[in-house]
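S.K.: There's a structure below that I have some questions on.
The values are calculated or read from the model by the stated rules, or taken from the named source; none is laboratory data. From a predicted model like this one, the values you see are computed outputs, not experimental measurements. So basically every Cβ, Gly included, is an ideal-geometry build from the backbone, and we count neighbours across all protein chains shown. The accessibility values were calculated without ligands, DNA or RNA, using every heavy atom of the protein model including side chains. Shrake-Rupley method; radii C 1.70, N 1.55, O 1.52, S 1.80 Å.
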Amino acid sequence: MQDMNLRVKKHKRRRRRGENGILIGSIILCLVTLTAITITLIMVFRYRSIQMENTVVMNELEAIRMDETVTYTQNEVDAMIASAVTQTTDQTTQEVRTELLDKMKELMLTGDGALSMLRYFYPDEIVIADAGKYHFFPISEELAHHTYDMDKFIKDSDQVMQYYDNEKWISHKGIDVSKYQEEIDWEQVATDDVEYAFIRLGIRGYTKGEILEDENFEENIKGALRNDIAVGVYFFTQAVSTEEAEEEAQYVLDALEPYRVDYPVVIDVEAVSNANARTKDLTKEERTQYCITFCEKIREAGYTPMIYGNLKTFMLMLDLEQLEDYEKWVAFYDEPLYYPYAFKVWQYTDEGSVAGIEGKVDLNISFEEASDDD
């Protein structure tokens, strides 16, 4: 009988250990599940992920593993889980808060404002500031992305940017000019390694809507070509209808007849802040359609169409999905370039210096090859 009692006691101990093992497994599963939920919530609020050090939880689990005789009531298990999650959350929140504040301090000390902070903390979106508001655009995988390595854009001692890849320079130095550069000594420009120039051909007035040729267009295009500098041209659009977009394109084509143009023919799309601007109430869809009208007419004539603009142009004013067929010329004056999509030309400064031009001039880095056709 005594042996029987001993066997019964041993059986109960084994049974209790088995139950403890099940309970321990349940506890571990609950802790893992709750910890995962905690991490997910933190990611939803866009905090950067950090490695979590769940010391309290691990100590509790280690104690259970080392002493199989430990048992807990359901209330004790609930209390332990709640305590562990609370401490883990508090620890994680503090770490995230510290990281967040440190990064904000770093950005403020370097002179970066709220826009830079938002762009840092929202890396999967394009953040644009305009008219006192911030606009967030998820980066689309449906659009072609550029494949340039930003670390390979290198400025020399004269602040001229080049792109170095596979042990050679593969980019092209260029400028864009208008009447505001006044008289240009193109012979001197050619000695400063300028390979191409985008020359403003004309504009449409933003209040009356008349088309005007740039005062220095003929002088500039003749001077550039005479000194073997490849040329492209651009037209500042203010079209408010398909008919006006066609009119602008035809005006450009007529003006180009006497000249060889190896670089693209560009439609310049920019916002005008004047309250009386004819284009101030245009929708994104309307602007996009007028762009397409202009570019298609240019393409039909045998030229390469291109669209010029800044971040506001491409994100707020135009629908890029409808403009995938056309090359882009992006204006952005900070580094690195904050634009993920495909482009051929980057206007990286409006304060460049070039021989033969008094004052400042826009500098461009291009991956656009000039035509070799005769």
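S.K.: How fast does region 251-374 diffuse by Stokes-Einstein, in µm²/s, taking the Kirkwood radius from C-alpha pairs at 10 °C and 1.306 mPa s? Present the calculation step by step, with values, prior to reporting the outcome.
M.R.: On the way: Rh = 16.0 Å.
For these conditions, the coefficient is 99 µm²/s.
S.K.: Right, another one. Compute for region 164-311: radius of gyration divided by Kirkwood radius, i.e. Rg/Rh, restricted to C-alpha atoms, rounded to two decimals.
M.R.: On the way: Rg = 16.2 Å, Rh = 16.2 Å.
Taking Rg over the Kirkwood Rh, I get 1.00.
S.K.: In region 200-285, what is the volume of the convex hull around the alpha carbon atoms, normalised per residue and reported in Å³?
M.R.: Hull volume over Cα atoms, normalised by residue count, gives 99 Å³.
S.K.: For a quick check: with amide H placed at 1.01 Å from N, whose amide H comes under 5 Å from Val231's, ignoring anything fewer than 5 positions away on the same chain?
M.R.: For Val231, whose amide H was placed from the backbone, the distant partners under 5 Å are Ala197, Asp262, Tyr263.
S.K.: What is the calculated FRET efficiency for Ala275 to His145, with r their C-beta to C-beta distance and R₀ = 25 Å, to the nearest 0.05?
M.R.: Details: r = 37 Å, r/R0 = 1.48.
Between Ala275 and His145 the formula returns 0.10.
S.K.: For Glu327, list long-range residues whose amide hydrogen, built 1.01 Å from N in the peptide plane, is under 5 Å from its own amide hydrogen.
M.R.: Answer set, sorted by chain and number: Ile307.
S.K.: As a test question: what accessible area, to the nearest 10 Å², does Asp156 have when a 1.4 Å probe is rolled over all protein chains in place?
M.R.: 60
S.K.: For a quick protection proxy, order the peptides 335-341, 222-228, 310-316, 133-139 by their average other-Cβ count within 10 Å, most packed first. Display every interim value, and only then the final one.
M.R.: Values: 335-341: 15.1, 222-228: 16.7, 310-316: 19.7, 133-139: 11.9.
Highest mean packing first, the order is 310-316, 222-228, 335-341, 133-139.
S.K.: PRE reach from Lys222 (point 7 Å along Cα→Cβ): which of region 191-210 fall under 19 Å by backbone N?
M.R.: 197-202
S.K.: Can I ask one more? Where in region 188-213 is the amide nitrogen less than 19 Å from a point lying 7 Å along the Cα-to-Cβ axis of Asp350?
M.R.: Only 198-207 fall inside the zone, counting backbone N under 19 Å.
S.K.: In percent, what relative contact order does region 315-359 have, based on Cα pairs under 8 Å that are 6 or more apart in sequence? Provide the component values of the computation, followed by the final result.
M.R.: Working: 30 pairs, mean separation 15.0, N = 45.
Reported as a whole number, the value is 33 percent.
S.K.: Given points 7 Å out from each Cα along the Cα-Cβ axis, report the Phe332 to Glu187 separation in nanometres with one decimal.
M.R.: Each label point lies 7 Å from its Cα, and together they span 4.0 nm.
S.K.: After finding the eigenvalues of the alpha carbon gyration tensor for region 120-180, what semi-axes result from the square roots of 5 times each, listed largest first in whole Å? List each step's numbers first, then the result.
M.R.: Working: eigenvalues 168, 81, 31 Å².
The answer is 29, 20, 13 Å, longest axis first.
S.K.: Here's something else I'd like to know. Pull out the extension gain between Tyr180 and Asp319, defined as 0.36 nm times the separation in residues minus the alpha carbon to alpha carbon distance; nm, one decimal.
M.R.: Net length gain for the segment: 47.0 nm.
S.K.: Rounded to whole Hz and in sequence order, give me ³J(HN,Hα) for region 238-246 from the Karplus expression 6.51 cos²θ - 1.76 cosθ + 1.60, θ = phi - 60°, writing x for Gly and Pro.
M.R.: 9, 5, 10, 7, 4, 4, 5, 5, 5
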